[in-house]
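Remarks on the structure that follows.
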Amino acid sequence: MELTKDEESALKGEQGEILQTAYRILVATGEATDADKLIPIEWAHLSGVNYNTIGDAGEEFLSHISKYARVKVKTTLNPMGFDIDNVKNYGLDENFISKQLSIKKSYETMGVIPSFSCIPYEIFDIPQDGTQVAFAESNAAIHANSFDNLKTNKESAFSALASAIVGKSPYSSLRKEDNPNITIRMKVENPNELTYGMLGFFAGKIGDTSVNISGLGEMDKRQTKAMCGGMGTSGTCAKFIFGDGESDCEKIDFDEKEMQNVHDELNTTEKGDIITLGSPQLGLDEISDLTAKLKGRSFQKRCMVFMPRIVKEQSTKIGYTAELERAGCEILSDCCTCLSPLISKDTVDAVTTNSIKGAFYLKNSNGVGVNLKSLLQIIEDETR
């Protein structure tokens, strides 16, 4: 990689330990991804927040560097392990709570915005087209590259934090013009958000850094988020390119058979003990839509609904929160279905969800069964 004199100086440790560590991470990441230089970014979004994912080593590392490090650009934060307003209701281990609060404090000390959301593209203003950012949350990185006309690598927790501290990121292939070698032709009729999630999961498995998608038609926010969330769980691919024109690349159909294969891989049971909605977290439009779809009906089993805190505040003012709570929903902010200690195999055998991302992590990390249904099917089956 080509470095400026100032970057070389920082890498040698002449500007302090924190910058040296950050540049070491960025240079190692850049060399591994064939980057030729570092470029300035305007926004970083960090993962590595949930104590379940970073453990004691991560908590201690953040506690140490927060004494010296400060972020240089706008920096937002992924969900943590619980909603601080109602953590006492879930019987979590006191050590988990203490360590999670330490992580929260460390990030805030460094100047990170405590958004605790995996959908920064819905709760913050999107910069102008072509802006360079550094997003570690997989669905957010894919959404940025594919729908928001931003440019980001699919960052790791460490590289995104280093980018936030330095204000730069490796100029890797995803930041350049990309020519995918595969076109996936959408062949499923009348798709819903679950269909798009399965399409994303399929695309993530077979794509390299990007894939072309044809035959999609109009998509709403729930469907675009589902597709990004699905791709983010199944591989390293981090960008959809949309086009129905002919090209020389290999063409693969996503049809009923391929969709069923994905469903069979992730759906492990025909019934869930509880319902989870919000992986990625739900935005205001989805909350409005969910409230309208319920039409006064109530869930007949426990239903956990995950949304960013700012969306909860907006929903409360409009009256959506009261309506959802009337329908039997538990409203949770600051956390997400994925990797949450709030859902434990000690108390839950299986979960019903419309999220491919949620299904993947519930099955592989939480160790519970998964019942996959679309939102409309969940409302039809689980409310009255």
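For the chain, the carbon plus sulfur part of the accessible surface works out to 46%, probe radius 1.4 Å.
In a solvent-free Debye calculation with one equal scatterer on each Cα, what is log10 I(q)/I(0) for the stretch 32-171 at q = 0.09, 0.13, 0.19 Å⁻¹, listed in the order of the q values? So the normalised log intensities are -0.27, -0.55, -1.07. Counting only DSSP beta bridges with both residues in the chain, the antiparallel share comes to about 10 percent.
In this structure the chain gives 42 Å² per residue of accessible area when probed at 1.4 Å with all protein chains present. Under 5 Å from the amide H of Leu77 lie the amide H atoms of Leu46, Ser115, Phe116, Ser117, each residue being 5 or more positions distant or on a separate chain, with H modelled from the backbone and absent for Pro and chain starts. Computed extension gain for Lys251 through Glu270, at 0.36 nm per residue and net of the alpha carbon distance, reaches 3.5 nm.
For the stretch 120-166 versus the stretch 285-356, the inter-centroid distance based on Cα atoms is 26 Å. For Ser102 and Arg70, what is the calculated FRET efficiency with R₀ set at 22 Å and r taken between the beta-carbons, to the nearest 0.05? Given R0 = 22 Å and the Cβ-Cβ separation, E is 0.75. Taking one quarter of the surface of the C-alpha convex hull of the stretch 181-295 gives a mean projected area of 8.0 nm². Remark: accessible surface ordering of Arg297, Arg70 (largest first) is Arg70, Arg297, probe radius 1.4 Å.
In the stretch 270-342, inverting the average of 1/r over every pair of distinct C-alpha atoms gives 12.3 Å as the Kirkwood radius. Residue ranges 46-55, 134-143, 315-324 sort as 134-143, 46-55, 315-324 when ordered by packing (mean number of other C-beta atoms within 10 Å per residue, highest first). Using the Stokes-Einstein relation with a Kirkwood hydrodynamic radius computed over Cα pairs, the translational diffusion coefficient of the stretch 1-50 at 20 °C and a viscosity of 1.002 mPa s comes to 181 µm²/s.
Across every pair of non-identical alpha carbons in the stretch 1-104, the mean reciprocal distance, once inverted, gives a Kirkwood radius of 15.9 Å. Taking all protein chains as shown and a probe of 1.4 angstrom, Asp289 keeps an accessible surface of around 50 Å². How big, in percent, is the set of alpha carbon pairs in the stretch 97-211 lying more than 18 Å apart? Here the tail beyond 18 Å accounts for 60 percent of pairs. Computed from the C-beta positions of Asp93 and Lys301, the FRET efficiency with R₀ = 30 Å rounds to 0.70. Could you pull out which residues in the stretch 72-102 have an amide N less than 19 Å from a spot 7 Å beyond the Cα of Asp56, following the Cα-Cβ vector? Correct set: 93-102. At the residue level, Ile18 shows approximately 30 square angstrom of accessible surface with a 1.4 angstrom probe and all protein chains present.
The simple spin-label model puts a point 7 Å past each Cα toward its Cβ; for Asp381 and Phe242 those points are separated by 3.0 nm.
For Lys345, a cut-off of 23 angstrom between C-alpha atoms picks up these lysines, skipping any fewer than 8 places away in its own chain: Lys88, Lys99, Lys271, Lys301, Lys357, Lys363, Lys373. Compared with the direct C-alpha span, the chain from Glu8 to Thr131 gains 41.8 nm at full extension, assuming 0.36 nm per residue.
Working note: Karplus 6.51/-1.76/1.60 with θ = phi - 60° gives the stretch 193-210 the couplings 5, 5, 4, 5, x, 5, 4, x, 4, 4, 5, x, 6, 9, x, 8, 9, 8 Hz, where Gly and Pro are set to x. The order of His45, His263 by accessible area, most exposed first and with a 1.4 Å probe, is His263, His45.
Full extension of the chain segment joining Ile206 with Ser365 gains 55.0 nm, where the gain is 0.36 nm per residue of separation less the Cα-Cα distance. Derived value for the chain: Kirkwood hydrodynamic radius 21.4 Å. Basis is the mean of 1/r over every pair of different alpha-carbon atoms.
The values are calculated or read from the model by the stated rules, or taken from the named source; none is laboratory data. Treat the numbers as computed from the prediction; the structure is a model and nothing was measured. We place every Cβ from the backbone using ideal geometry, glycine too, and count neighbours over all the protein chains shown. Quick note on the areas: whole protein, heavy atoms, side chains included, nothing else; ligands and nucleic acids left out. Shrake-Rupley method; radii C 1.70, N 1.55, O 1.52, S 1.80 Å.
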